[in-house]
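One structure is given below, encoded as structure tokens.
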Amino acid sequence: MQDALGRNVQIVDCREAQGMGEGGGLAQRGTISESEKFEVVAIAMSPGKRHITKPVCEITYGLREQGIRTSVLVLDSGSGIPADSPYSGAPGGSMATINEKEIMQIRRFKLGLFHLGGIGGHVVHKAKSFLHFVDIPIIIVCEAPVDYEDFARVGIITRLVRPPPGKVECAGEIVDLITGVVRGVSAPREKLNEIVIKTKFWLGKIESGELPRGGDASGQDIHIPAQ
């Protein structure tokens, strides 16, 4: 909508708890700030000493400046690596999970933007874990130089590379990748521009009906195994 001066205005339903710690510019874990329309949701890992969520703030501001209704979800247990990852099992390491409430929150949106980290194997297996029941198109933003083949190899549907027959393990589809976005530091202007351009492009595809909303397992029931 527009205000009296003709400027575009977005209404954001503020989150449940104030910011804290080094990720304090964003918010506490397990909280969401919602725009008035369910267009795009930026999903951040849980803030901590190693998981600085600073780029998500800048990404969100950049998208909102371009009129894209963007909400932000900070996962409750997004740090660490999933239990089924070959990289799991490090002493004292945290376990990355996504809960049913978060899945249902994400499912309301047309397009998701996952901000992940700088280790390729961790990025791929986190995406696999989070997209198992998240049945909307997803853009991956991370530091690691991953490609579509990396994700398809573990059973994730991607725009350019499909998993082998019978190997699909995720409901969602990765439609685009943006790499080189370093966690904890300001994102370069060219990366923010790339994120805005690609988000606008895929949101347009979804709204025009050219890109279906939901993957091969869209609408399936949620049964998250106990950790």
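Listed values, structure above:
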item	result
Karplus 3J(HN,Hα) series, Hz, for the range 171-177 with 6.51 cos²θ - 1.76 cosθ + 1.60 (x for Gly, Pro)	7, x, 10, 8, 9, 7, 10
For LEU73, LEU131, LEU192, LEU160, order by how many other beta-carbon atoms lie within 10 Å, fewest first	LEU160, LEU192, LEU73, LEU131
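Every number in this text was worked out from the coordinates using simple rules, so none of it is lab data. Computed from a predicted structure; not experimentally measured. Note: ideal-geometry Cβ built from the backbone for every residue, glycine included; neighbour counts use all protein chains shown.
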